[in-house]
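Everything below concerns the one structure shown next.
Values in this text are rule-based calculations from the coordinates and carry no lab data. Just so we're clear, the structure is a prediction, and the values are computed from it rather than from any experiment. Heads up, the Cβs are rebuilt from the backbone with ideal geometry, glycines too, and the neighbour counts pull from every protein chain shown.
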Amino acid sequence: MLFLSIASACGTTASSTPVAGGAGEAGGNGGVSASKAAAAGPADADSWAADAIEHRGSNGENFEYDCPPGGEAHTVFGSQPYTDDSSVCTAAVHFGAITLADGGTVTIEIHPDWESYEGSESNGITTLDYGSWPGSFVILSD
């Protein structure tokens, strides 16, 4: 089981790509600390630390995040939905969409605030509980 510090919860944002098919569009479908590096070398740390805060308020819109192989887990709050200051790539590992070793491309959908977020343990990632937070996202499955 992996654990991480709440102090590392806020951090770097990286660019993401808007994706067609968000809510209202045709086709819409509606940490913890670890250090596992792939043989190819460590992933870009900024990619794995990227959160979704820059998209707050874009409710129903979808965005893609690239998570390179050999990722390192970062802090995540909640369990589908996740707070928008959570690491998108680490949340995707928790959800089961990708792995730290292999990485991959992840599509998220932006959601509004929730009164509380419940942490859980899944796929080797332990997420944390949190109270009310002004923005969230969910991982979309392919």
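I need the full set of residues from region 91-130 which are in contact with a Leu (Cβ under 7 Å, 6 or more places away or on another chain) and assigned to a strand (DSSP E or B), in order please.
THR107, ILE108, GLU109, ILE125, THR126, listed by residue number.
Can you confirm whether region 111-127 contains a residue that is aromatic (Phe, Trp, Tyr) and more than 13 Å from the chain's Cα centre (by Cα)?
yes
If you scan region 80-90, which residues turn out to be more than 13 Å from LEU140 (Cα to Cα) and in a loop (DSSP other than H, G, I, E, B)?
Correct list: ASP84, ASP85, SER86, SER87.
Read through the list (1) surrounded by 22 or more Cβ atoms within 10 Å (Cβ to Cβ); (2) under 19 Å from TRP133 (Cα atoms); (3) in contact with a strand residue (DSSP E or B) (Cβ under 6 Å, 6 or more places away or on another chain), then give the number of the only condition that SER87 fails.
(3)
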